[in-house]
Each structure stands twice: as structure tokens, then as C-alpha cells.
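A.B. asks: Here it is, the structure, as C-alpha cells.
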Amino acid sequence: MPQAPKLAPTLGELLQERGVSRRAFLKYASYLSAVMALPAGSASALAEGLANARRQSVIWLSFQECTGCTESLTRSFSPTLESLIFDLISLDYHHTLQAASGEAAEKAREAAMAENKGKYVVVVDGAVPTKDGGLYSTIAGVSNLDMLKATAKDAMAVIAVGTCAAFGGIPKARPNPTGAAAIDEIITDKPIINIPGCPPIPEAMAGVVSYLVSFVKLPELDHLRRPKAFFGETIHDRCYRRPFYERGLFAEGFDDAGARQGWCLYKVGCKGPVTYNACATLKWNGGVSFPIQSGHGCLGCSEPDFWDQGGFYRPLSTNLRDMGPALAGAALAGAALGAGAAWASRRHQESYQREQNPNEGDKK
Amino acid sequence: MTTQALHPSVSPQEPPRLTGMSEAVLAEVAARLAEVVAGASVPPIDLTAMPLTSEDRADLEQRLGRGEVFATVESAGRSQIWETQFSGVWFVRHFGENDRIASECIEFGAAPEILFSHRADMSAAARRLAAALQSADAREKTDH
């Protein structure tokens with residue numbers, strides 16, 4: 001009589017062998033519930049779900065990217081609470097992190113796909129070049145396009161990490177010489193979660209994977225397939241400088257009195273009012289700061305085509321022609337709240353740029 | 001025309017530091033404690049993502065005060081748990097890397113969940129202890 005295959009240990013059993021108690025799960029679950037704004041009291045269910053789940057096989061594909069997304073996930077964690085994410089997953093293939101290389105690496109990917117058919121999660125960072133048959137980026141002689149299609153075929157879900165994978169990002173910026181495309185333009189028959197950002201917030205990556213492992217379902221997504229827990233509000237909604245915006249107090253340059261007093265950066269190009277991300281609440285580098293707190297406007301890096309929105313230092317109100325209707329509507333609402341900031345900012349921005357680059361006009 | 005001229009009544013100053021949020025949280029704490037006393041089980045209040053200023057947090061902590069119990073849990077980093085001066089109202093604070101606060105909440109009831117031993121841990125502990133005693137016994141027999 002054939003023996004039933006032995007089930008892999010649960011995460012609870014696996015970590016117990018290493019002396020990690022259920023308290024660690026509960027603590028991790030409390031932390032995730034907080035950052036994902038899950039309903040109050042759901043930490044216990046999340047902890048039980050995690051402890052009884054088995055390690056999730058993850059195949060991480062890196063295409064047209066800069067490795068910033070991987071850096072974000074790995075460099076932001078030390079062996080404490082946040083590092084538990086690496087105990088929850090079995091990272092079966094990842095160019096940057098795996099020890100194997102060459103044929104052995106590709107064999108590891110194929111083995112993980114065969115062993116976990118229909119159950120593994122594919123994480124992709126980077127856009128995919130599609131022009132000329134996708135020949136602009138290959139791995140082991142296989143184009144990114146073909147590798148993505150083959151690997152995603154038997155996946156449970158695909159997570160597009162970073163703005164390049166989610167929306168095409170910088171490789172797709174005009175004139176897009178390689179025909180770079182987002183993952184959901186290529187894979188259309190699998191559940192896809194986009195976690196954009198350049199790079200994405202590590203908690204968003206860890207949170208989504210943990211949610212998937214624990215509840216075996218996708219978190220609630222917005223119209224751009226982004227998890228609402230992290231992308232449900234704009235940077236502006238939760239910005240600590242918003243009281244200045246409401247009062248019409250704006251920095252008009254990066255070294256003026258307003259900037260020194262921490263006033264709103266709307267007029268120096270902040271894209272916070274139209275950018276959905278959690279930087280203002282979760283922050284970066286272990287909660288130290290985020291761009292606006294460090295004195296620079298939000299670039300809008302978690303939005304589609306952020307690189308082609310007319311300039312990082314132009315106020316939103318000057319870019320309306322380049323934007324889609326939704327973005328323009330949000331910008332208009334912001335401009336109205338900003339009490340006439342649009343006209344004044346456009347005028348000021350021009351004069352400010354003239355002051356900063358007095359010879360620029362001569363070059364044209 | 002300057003921006004300030006549009007808002008003559010507004011002086012350039014910091015946003016208010018005590019926002020009234022601590023007052024709102026305290027009202028919620030009182031309501032939930034009353035429910036617990038009536039026999040209900042109530043969810044914790046998660047403070048992590050609330051727009052509390054540091055002054056709001058200090059005010060909340062100070063007004064809830066410290067009670068008779070203070071505990072430190074070392075599991076995936078450090079956690080501090082204390083009963084406030086209001087019995088049944090617990091402050092639970094988890095630290096992440098670099099000792100930053102990863103999450104914090106106010107729990108209600110006899111004791112917060114994290115202080116209880118989990119049945120799975122107790123089962124493992126029973127097995128471990130039995131194995132340790134067995135190997136000690138075996139060592140003793142070998143020595144004799």
C-alpha cells in the first residue's frame with residue numbers, strides 16, 4: 001500500500017524547534033494587524049493562521065530592475081520582529097540572495113515549480129521588455145518575457161513588487177526603448193497584487209506575503225490592484241505638514257523661511273495629494289523619516305508613469321495636461337483647498353527656477 | 001500678494017501638539033472597560049496607526065498611569081506590558097529593530113493574551129522536559 005507523502009511541518013512546528021514560541025507569532029500578528037489596519041482583534045486569528053500554515057514557496061524573478069526592491073526588503077530588517085517574514089517563506093529562487101548560480105539556480109527554480117505546482121507564489125521585481133520578442137533582457141538564454149510566462153503558469157498568485165513590475169516604472173518611461181511592460185499587461189489569468197513604490201515599503205511586501213500565507217486569500221485591492229491596507233490613503237491624507245496646507249502656508253523654495261519652518265511642500269512639487277502610499281505613517285529606515293519629513297516633496301513613485309509627469313519640482317497644478325482625469329481631479333481638489341496656490345505657485349516656480357539657474361534661458 | 005496675506009489671522013506656528021486625541025481614546029477606554037465589567041469580550045484599541053502626536057501619547061500614558069503589574073516579554077524582540085492604574089486596562093507595547101515601537105495597543109480583561117502560555121508551547125515544553133529527565137536518568141545509570 002503506498003504511503004501517504006509526509007506533510008511538511010507547520011510554521012509553528014518549524015519555529016518551535018528553534019525555540020520560537022507562539023508569543024512571537026502573536027507579536028508578529030499584532031504588528032501586521034496594526035500596519036495593515038486589519039479589524040481590531042484579528043491578531044489572534046492571524047497568529048493561529050500563520051502557526052498552522054506551511055512555509056510558502058516563493059520564486060522571485062528579477063527583470064528590468066535596479067535591485068532596490070530587494071535591498072528595501074532585506075536591509076530594513078534585523079533579527080527581530082520584522083525578520084520573521086523570512087521564516088514564513090521558502091525563498092526557492094532569487095538571483096541576488098541565492099547561493100546557487102548558473103544551471104543550478106535555474107534547476108532550483110524548475111524544482112520548486114514542479115514540487116509546488118499550483119501553490120507557489122511568484123514575486124516579480126522589474127518591468128519586462130516586450131519589444132523585438134523581448135530580447136533586451138535574458139537570463140540563462142531565456143527572455144524575461146518567456147521566463148515570466150513559464151513561471152507564472154502554475155503559480156497560485158503573482159506579486160508585482162516595485163513600480164517597474166507594477167506599472168512599468170522607469171524602464172517604461174518615455175520613449176520606452178525596450179517596450180517595457182507591467183506584469184499585469186502580460187499575465188492576465190492569475191491573481192495579481194501590485195505593491196508599487198521605488199522601492200516599496202518593506203512592511204507592505206512583508207505584510208502582503210504574510211496575509212497570503214495566513215489567510216490563503218488576497219487582501220482587499222484597489223482599482224490598480226494595490227492592497228488597500230497600504231495604498232488606501234494618499235501621502236497628503238496622513239502628512240504631518242497637512243495643517244500648514246489647510247492654512248495656506250507653503251514653502252516656496254527649499255531654502256526659504258517657509259521651508260525652514262516646515263511648511264507644506266505643495267508649491268515645490270510635492271505629489272503627496274495624488275499619491276497613494278503609506279510613507280507618511282510607516283515611514284522609512286525603521287520609522288526614522290520619510291521624504292517630506294526630510295524636507296523634500298513626494299515624487300509620487302507609487303503611481304503609474306510617475307517619471308513622466310512633467311517634473312518633480314513642478315507643482316501639481318502645472319501638470320494637469322499630462323495627467324489622466326482622476327489624477328487631474330485630485331490635483332484640482334488639492335489646488336482648491338490650497339486656497340489659490342495654483343496660480344501663485346506656477347508664477348513662483350518660474351521665478352524660483354530663474355533665480356536658481358539664471359543662465360538656463362541662454363542655453364535654449 | 002503673499003500667501004500669508006490671504007490668511008491674515010493665521011500665524012506661522014507649529015501644528016497644535018495636544019490634538020485632543022488622547023481625550024477621545026480615554027473615552028473609548030472607559031466605554032470598553034464598562035463593557036468588560038458587564039461580561040463582554042472587547043477588542044483591543046490599536047494605537048499604532050492613530051495620528052497621535054508625541055504629546056498626545058505622553059498625555060494618554062500619563063493619565064492611564066501605572067498599576068501593580070509590569071512585565072517584559074523577550075520573544076522576537078522586546079515587549080513591555082503593564083496594567084494601568086485602572087484594573088483590567090493593559091498597555092501592550094512591542095518593540096522592533098533599533099528599539100523603535102513596532103506596535104502598541106490597549107487591551108482589556110484579566111490579562112493580555114501575550115502573557116498566557118500557548119497550549120502548543122506547553123505541549124512542546126512537556127516533551128522537552130520529559131526528554132531532559134530521561135537523558136539525565138540515562139546518564140546517571142551509565143555513571144554507576
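A.B. asks: If you take the accessible area of B alone, add that of A alone, and subtract the area of the pair, what total do you get in Å², probe 1.4 Å, to the nearest 100?
C.D. replies: Working: alone 10060 and 17610 Å², together 24590 Å².
Result for this pair: about 3100 Å² buried.
A.B. asks: Hey, another quick one. If the reach is capped at under 13 angstrom between alpha carbons, list the aspartates and glutamates near A:Lys131, excluding any in the same chain fewer than eight residues apart.
C.D. replies: A:Asp146
A.B. asks: Hey, another quick one. Show me the three semi-axes of the equivalent ellipsoid for segment A:90-210, from the C-alpha gyration tensor (sqrt of 5 times each eigenvalue), largest first, rounded to whole Å.
C.D. replies: Numbers: eigenvalues 91, 67, 38 Å².
Here the semi-axes work out to 21, 18, 14 Å.
A.B. asks: Assuming 0.36 nm per residue, please report the length gained on full extension of the stretch B:Glu28 to B:Ala58 beyond their Cα-Cα distance. The partial results should precede the final answer.
C.D. replies: Values: separation 30, 0.36 × 30 = 10.80 nm, distance 1.71 nm.
In short, 9.1 nm is gained.
A.B. asks: Test of understanding: what is the full-extension gain from A:Ser90 to A:Asn52, defined as 0.36 nm times their sequence separation minus their Cα-Cα distance? Working shown, then result.
C.D. replies: On the way: separation 38, 0.36 × 38 = 13.68 nm, distance 1.55 nm.
Once the chain is fully extended between A:Ser90 and A:Asn52, it gains 12.1 nm.
A.B. asks: Related question: Checking the table A:Lys190/A:Lys283; A:Lys149/A:Lys172; A:Lys27/A:Lys153 against a 24 Å threshold on Cα-Cα, which pairs fail? Let's see the in-between values first.
C.D. replies: Values: A:Lys190/A:Lys283 31 Å; A:Lys149/A:Lys172 19 Å; A:Lys27/A:Lys153 36 Å.
Among A:Lys190/A:Lys283; A:Lys149/A:Lys172; A:Lys27/A:Lys153, the Cα-Cα distance tops 24 Å for A:Lys190/A:Lys283; A:Lys27/A:Lys153.
A.B. asks: If you count, for each residue, the other Cβ atoms within 10 Å and average over each peptide, how do A:250-261, A:191-202 line up from highest to lowest?
C.D. replies: Top to bottom by mean Cβ count within 10 Å: A:191-202, A:250-261.
A.B. asks: Two decimals, Cα atoms only, Kirkwood Rh: what is Rg/Rh over segment A:206-282? Mind dumping the intermediate values first?
C.D. replies: Values: Rg = 16.3 Å, Rh = 14.1 Å.
Result for segment A:206-282 is an Rg/Rh of 1.16.
A.B. asks: What value does chain B have for Rg/Rh, both radii from Cα atoms and Rh as Kirkwood defines it? All intermediate terms of the calculation are to be shown ahead of the outcome.
C.D. replies: Details: Rg = 23.8 Å, Rh = 19.0 Å.
That ratio is 1.25, to two decimals.
A.B. asks: Suppose R0 equals 35 Å. What FRET efficiency, 1/(1 + (r/R0)^6) with r the Cβ-Cβ distance, do A:Glu233 and B:Phe70 give to the nearest 0.05? Show your work: numbers first, answer last.
C.D. replies: On the way: r = 35 Å, r/R0 = 1.01.
So the FRET efficiency works out to roughly 0.50.
A.B. asks: May I ask you to derive the FRET efficiency for B:Arg78 and A:His296 from their Cβ-Cβ distance with R0 = 41 Å, giving the value to the nearest 0.05?
C.D. replies: Numbers: r = 33 Å, r/R0 = 0.81.
That gives a FRET efficiency of 0.80.
A.B. asks: Now for a different question. Per-residue mean of other chain beta-carbon atoms within 10 angstrom of the beta-carbon, peptide A:10-22? Could you put the intermediate results ahead of the total?
C.D. replies: Values: counts 1, 0, 4, 2, 0, 1, 7, 1, 0, 3, 3, 9, 10.
Per residue, the number of nearby Cβ atoms from other chains is 3 on average.
A.B. asks: Further, regarding this structure: Round to the nearest 0.05 the FRET efficiency obtained for A:Ala8 and A:Lys217 when R0 = 30 Å and r is the Cβ-Cβ distance. Could the numbers behind the result be given before it?
C.D. replies: Working: r = 21 Å, r/R0 = 0.69.
So, using R0 = 30 Å, E works out to roughly 0.90.
A.B. asks: So how much slack lies between A:Ala173 and A:Asp256, counting 0.36 nm per residue of separation and subtracting their Cα-Cα distance, in nm? Before the final figure, lay out the partial values.
C.D. replies: On the way: separation 83, 0.36 × 83 = 29.88 nm, distance 3.23 nm.
Value of the extension gain: 26.6 nm.
A.B. asks: Just counting partner chain Cβ atoms within 10 Å, what average do the residues of peptide B:120-132 show around their Cβ? Present the calculation step by step, with values, prior to reporting the outcome.
C.D. replies: Values: counts 10, 6, 1, 1, 7, 2, 0, 0, 2, 0, 0, 0, 0.
Partner Cβ neighbours, averaged per residue: 2.
A.B. asks: Please compute the average number of Cβ atoms from other chains found within 10 Å of each residue's Cβ in peptide B:96-109.
C.D. replies: On the way: counts 11, 11, 6, 2, 6, 1, 13, 11, 2, 5, 0, 2, 0, 0.
Partner-chain Cβ atoms within 10 Å, mean over residues of B:96-109: 5.
A.B. asks: Further question: Threshold 20 Å², probe 1.4 Å: give the residues of segment B:61-76, in number order, that are less accessible with all protein chains present than with their chain alone.
C.D. replies: B:Ser75, B:Ala76
A.B. asks: Among residues other than A:Ile235 whose Cβ falls under 14 Å from its Cβ, what is the net charge (Lys/Arg +1, Asp/Glu -1)? Can you show the working numbers first?
C.D. replies: On the way: positive: A:Arg226, A:Arg238, A:Arg241, A:Arg242, A:Lys271, A:Lys283; negative: A:Glu233, A:Asp237, A:Glu303.
In short, +3.
The values are calculated or read from the model by the stated rules, or taken from the named source; none is laboratory data. Fair warning: this is a prediction, and the values are worked out from it, not measured in the lab. Glycine gets a Cβ as well: all are built from the backbone with ideal geometry, and neighbour counts include every protein chain shown. The accessibility values were calculated without ligands, DNA or RNA, using every heavy atom of the protein model including side chains. Shrake-Rupley method; radii C 1.70, N 1.55, O 1.52, S 1.80 Å.
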